[in-house]
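To keep things clear, I will list the structure first and then write my remarks on it.
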Amino acid sequence: MKSLKELFGGGARQFGMVFALLALVLIFQISTGGKVLTPTNVQNIINGNSYVLILAIGMVLVIIAGHIDLSVGSVAAVVGIIVALAIRDWGIPWWLGVLLGLAVGAVIGAWQGFWVAYVGIPGFITTLAGMMFFRGANQYIGKSNTIPVPKEIQYLGAGYLPEWGPNTGLNNSTLVLGIAAIAAVVWVETRRRRSAVRLGAEPAPVWVSAVRVVALGAVIAYLTFLFGGGRVGTSFPFSGVILAALVLIYGFLSTRTVTGRHVYAVGGNKVAASLSGVNIRRTNFFVMMNMSVLAALAGIVFIGRSTASGPFDGTNWELDAIAAVFIGGAAVSGGVGTVAGSVIGGLVMAVLNNGLQLMGVGSDLTQMIKGLVLLAAVAFDVYNKGGRTSIFSRLFKSRGGDGTANLTPAVAGTTSMQG
Amino acid sequence: MTAGTTQRRPLLSMRQITKRFGAVEALVGVDLDVHAGEVVAMVGDNGAGKSTLAKVIAGVLQPEAGLIELGGEEVTVPTPAAAHALGISIVFQDLALCENLSVADNIFLGRERRVMRGGPMDRDGMELAARSILRDLTVNIPSVRTPVRELSAGQRQAVAIARTLTSEPRLLVLDEPTAALSVVQTAEVLTLVQRLRDLGLGVIIIGHNLADLRAVSDRIEVLRHGRNNGSFESATAHPEEIIAAIAGAGRVPEPRWSTAP
């Protein structure tokens, strides 16, 4: 048991969620007779959900800080129509359209951040107003028309990485990404061991690290073959690359930077954070503004995938993003949640949708099942320690631990600390 | 120990501190001396001005009149940040900790160390420093990565005190540190207070439990209606005398320092 604990020590929660996702995939793979794990299907899952997963990344920071953002779907829609119209009617290049869209997102975010952080209107109310206002703005600006977007924008939402180099039987871009990901896993593991040594703790046995690296590496290698082995011209989707980059950036931001730490502190205990010198207003402003910028990006990716911007884009996206975050282990009361967990939570929803669809389950039953899954996830949260730990950490507790397993007692007077 | 320290210049010296809230006189001409390596207990009935005095020291409140000297130099403490810069730290009654963050995260909250200017946090460095602070206090906390919500009330108090030590203060004010604690946890915190004294800090501890305060402090200062109402050697004073001073009955001994040369 102890060695199992060590195997999953450090990021145990993420490991648990990955297992839940894998279990779901396997169940559907078997019950659909192998339709889930085909290159085309997994590419579709990423392409069809990347915009919600991008929203989930911003939403988890908002929820950790103790707020909620209901306006993301409408913000994505209004940015989508502005980008589409600006490119078509003003004739600006596609990249300028993207920058314009992100800038509009930033302005909208600053607007909402101002009301939440500096006036003190609850995020729920501010963004409920934003949800109505920006939905209307989308239809007003676009006159409820559907506006097509150019090929370059379509590439952002539905494109594949280029084919090049020798014939390996795979898409070489995907192959390079896979190799880079495996290298990153090895690097992170060696860093983890070095950090443990620096802290004067005994690093986990070598075999534990080896098993961890091999297991993760095998999964990545399999995904590389799956995504890269489709028909020629397809690969790991470009929107997936955007998503992966965002997961890395925001994972780093939330765990390694002062800004991220303060987001957790504000959500955990606003008064304590304030007394400790954390700038509450700036932190709240940051999470709200950041959310709208990511909503803008999600809107651009979506109009790319659907090849046009329409008056009903983004309907109910906020609910999908919020569901993903809570399934991913965030606490309703704030202060708890992870970027990676939220993306995995979003993938759980996406796989559920996809698998049920492949099984021929109608959208009526699919909605009902998704609703129950969300309720069950949060019920477990509430049941367990007053809503402050995730369903997955509970499900996998016996194998998990909370990442402290490798650390020697703080005050045991370890001799290695003396020097 | 107290005999030796009285001969030296006090770390903190407050003279004739007066603070009013409208017509209410919270503090009237209060004097207080604290030496390095000395624990001074502040006692008094509810509304006697203990917490007001603590807030004046910590820069939360401004006195209308009076003189504050720190290390022999006259100072003003206009803000909590200024108090911090002068080496004065205060642990408030309601602990200001984020339960969702780890012990090390809480100890450095708002004062995070970075690997470089504008760069990411130096997490290893902060965890090492947190461990060394907790070891100096010989606090029994399993890991600096433990979330604070998993700690006992006594351990949280220790973390709150450890928080203040990151800035290496000279004077520490503890406002009712044992108010919500069990007997065992109270004993742990009192041991902690003695360790702070051994580290050479001046400590002001505010509280109600005379037995605890006599055990841990070198001197007990009594406030009554915002005025000095007696100063007692903890080792020799009788509890009845102190209670009489708190309640306003019986004789009022002259403060020891007023008769010293």
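Results, tabulated for the structure shown:
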quantity	calculated
In Hz, Karplus ³J(HN,Hα) per residue of region B:166-183 (6.51, -1.76, 1.60; θ = phi - 60°; x = Gly, Pro)	4, 8, 6, x, 9, 10, 10, 10, 10, 8, 6, x, 10, 4, 10, 9, 6, 4
Taking B:Glu38, B:Glu176 and counting other C-beta atoms within 10 Å, the order from fewest to most	B:Glu176, B:Glu38
Region A:154-238: trypsin sites (Lys or Arg not before Pro) in DSSP loop, at most 13 other beta carbons within 10 Å	A:Arg231
Hz values of 3J(HN,Hα) by residue in region B:62-78 - Karplus curve (6.51, -1.76, 1.60), Gly and Pro given as x	10, x, 6, 8, x, 10, 10, 10, 10, x, x, 10, 6, 10, 10, 10, x
Global form of region A:219-317, assessed from the alpha-carbon gyration tensor, a/c cut-off 1.5	oblate
Cα coordinate range in region B:96-166, projected on the principal axes (Å, largest first)	36, 24, 19
Relative contact order (percent, whole number), region B:1-102, Cα cutoff 8 Å, 6+ residue spacing	28
Formal net charge of residues neighbouring A:Gly355 (Cβ-Cβ distance under 14 Å; K, R +1; D, E -1)	+2
Cα gyration tensor, region A:163-235 - rounded (a/c under 1.5), prolate or oblate	prolate
Modelled FRET efficiency - R0 60 Å, B:Val183 with A:Ala376, Cβ distances, 0.05 increments	0.90
Percent of Cα-Cα distances greater than 20 Å, calculated over region B:10-146	58
Mean ellipticity per residue at 222 nm, deg cm²/dmol - from DSSP H runs of n ≥ 4 across chain A, formula -39500 (n - 2.57)	-23000 deg cm²/dmol
Among B:Met14, B:Thr166, B:Leu137 the positive-end extreme of the charge dipole of chain B (Cβ point charges)	B:Thr166
Proximal lysine pairs, the protein assembly as shown, alpha carbons under 27 Å, eight or more residues apart or interchain	14
Contact order normalised by residue count of chain A, Cα under 8 Å, 6+ apart, percent	35
Relative contact order of region A:163-235, pairs being alpha-carbon contacts under 8 Å that are 6 or more residues apart, as %	48
Cα-based shape type of chain A, given that a ≥ b ≥ c are square roots of the gyration tensor eigenvalues and the cut on a/c is 1.5	oblate
Amide hydrogen neighbours beyond the local backbone of B:Asp33, cut-off 5 Å, H modeled	B:Met14
Highest-MSF residue in chain B out of B:Ile141, B:Ile90, B:Ile161 [GNM, Cα springs under 10 Å]	B:Ile141
Gaussian network model of chain A, Cα within-10 Å springs - most flexible of A:Ala103, A:Ala377, A:Ala201	A:Ala201
Debye, to nearest 20: dipole size of region B:128-242, +1 on Lys, Arg Cβ, -1 on Asp, Glu Cβ	460
14 Å beta-carbon shell around B:Pro169, net charge (K/R +1, D/E -1)	+2
Estimated vicinal HN-Hα couplings, Hz - region A:198-213 in sequence order (Karplus 6.51, -1.76, 1.60; Gly, Pro = x)	4, 7, x, 9, 6, x, 4, x, 4, 5, 5, 4, 4, 4, 4, 5
Hull volume in cubic angstrom per residue (convex hull over the Cα atoms of region A:302-342)	84
Estimated translational D of region A:198-246 in µm²/s (Stokes, Kirkwood radius over Cα pairs; 4 °C; 1.567 mPa s)	96
Pairwise Cα inverse-distance average, inverted: Kirkwood Rh of chain B (Å)	19.0
GNM flexibility winner over chain A from A:Val185, A:Val348, A:Val258 (Cα, springs under 10 Å)	A:Val258
Dipole magnitude of chain A, debye to nearest 20 (Cβ charges: Lys/Arg +1, Asp/Glu -1, about Cα centre)	920
Net charge, B:Gln62 excluded, C-beta distance under 13 Å - Lys, Arg +1, Asp, Glu -1	+2
Extreme residue, positive dipole direction of chain A, given options A:Val52, A:Gly217, A:Leu374 (C-beta unit charges)	A:Gly217
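We did not get these values from a lab; they are worked out from the coordinates using the rules stated. What you see is a predicted model, and the numbers here were worked out from it, not measured in a lab. So basically every Cβ, Gly included, is an ideal-geometry build from the backbone, and we count neighbours across all protein chains shown.
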